[in-house]
Amino acid sequence: MSKRKLYWISLVSGWLAYIFLMYLLNRLGGKTINIYFLLNLLTTFTLGIVISNLYRYLILKLDWLKLRIVQLIPRVLSASLLWGIIYFFSHTLISEVIIGEEPFQIDGLAILQTTLNLAVIFMVWSLLYFLFHFIQNYRKEEIKNLKWEAARNEMELNKLKSQLNPHFIFNSMNSIRALVNENPEKSKESITQLSNILRNSLLMGRKKLITFKEELQLVKDYLNLEKTRYEERLNCVSEVDTDTLDHWVPPMIVQTLVENGIKHGISKIPKGGNILVEAKLNQGDLIIKIINDGELINEPGKEIGFGLINTEQRLKLIYGNKAKFEIKNVAGNKVQAELLIPKESITYKTDNNESTYN
């Protein structure tokens, strides 16, 4: 419904309610209902509509909607009294002088009382009118702030993703560099694997979310590349429920944690170790665990790894407080990184297409 239509419906309804109340009070008071009384009610209704609109025109003309409350109060009080006086004399002229059944009589006390009552009515009208516009402006400002916040979050998210890809490429190139002198054939094979990984990661990087199945394929390609380097020192295990594959996740969120587990855990163990990727659904939420051999050392003043910071920030930007991320030492000299990614409807844009995933 448009604001103009809502205004007219409210205005007409308000004055209809007022004359109905007048009619009801007069009936209860025993007043005779005749043609003059009905014409008086019609005059009350018509003048109410006309003068209310004149008052609205004055408000818009003088830009009172832009004033602060302290500035509005004296203006509204003065205007309400003024329109109450105009209403009273206009109503008296029409209902008691022009069409009145009884001769017009001047009663100072009655005039003052009626004028003050009418002023109160216009004060109430002013309160409702300004309150409606205050709520409208508040909602507009809130929507504007939400859009700005969404745009800021989108920019921040793109910044994080742009940082993530060079970081991933750098680490992968270091893995290949270690093989160049040791095993040239394997280094060539690794370059081919890296090329495939980069192609897929760049395609995924255009999206805010991808399916968990696509993410697992990226993880698989990355682990194949790392196995070329570590050989028997790296053992990979996957325990993924099939009903998790269609869940939506941020791209490279799992790959980053797998990479973190290998770099800071298994690579520091001379005999190597195992890395396990687990995934299951819990009441619609996706629970992912990456467990690797090694130890998480929390030294005072030691900076948190880039991949962990990136993971926390991306989850915060996309899901707010609904997502959870935790990394800790667990039994058996292992480190566990756990993700909880909520099931919810998320709309985002990829290139020229907008998609909604549930």
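Since every read-out is calculated from the coordinates, none of them should be taken as a lab result. Note that this is a predicted model, so its numbers are computed, not measured. All Cβ positions, glycine included, derive from the backbone under ideal geometry; neighbour counts span all protein chains shown.
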Residues other than Ile197 with Cβ under 14 Å of its Cβ, Lys/Arg counted +1 and Asp/Glu -1, net out at -2
Sorted from fewest to most neighbouring beta carbons within 10 Å, what does the list Arg75, Arg177 look like? Arg177, Arg75
What distance in nm separates the simple spin-label points at Arg27 and Arg139, each placed 7 Å from Cα in the Cβ direction? 3.5 nm
Report relative contact order for region 3-144 in percent, whole number only (criteria: Cα-Cα under 8 Å, sequence separation at least 6). 25 percent
Rounded, prolate or oblate (a/c below 1.5 giving rounded, otherwise prolate when a/b exceeds b/c) for region 3-144 by Cα gyration tensor: prolate
Order by neighbour count: Leu223, Leu58, Leu72, Leu28, fewest other Cβ atoms within 10 Å first, most last. Leu28, Leu58, Leu72, Leu223
Could you please state, rounded to a whole Å, how far the C-alpha centre of region 259-295 is from the C-alpha centre of region 52-84? 67 Å
In this model, which of Lys227/Lys334; Lys188/Lys334; Lys227/Lys343; Lys140/Lys316 are farther than 23 Å apart at the alpha-carbon? Lys188/Lys334; Lys227/Lys343; Lys140/Lys316
Please rank Ser2, Ser126, fewest neighbouring Cβ atoms within 10 Å first, as an exposure proxy. Ser2, Ser126
So, by mean Cβ neighbours within 10 angstrom, what's the order for 33-43, 3-13, 113-123 with the highest one leading? 113-123, 33-43, 3-13
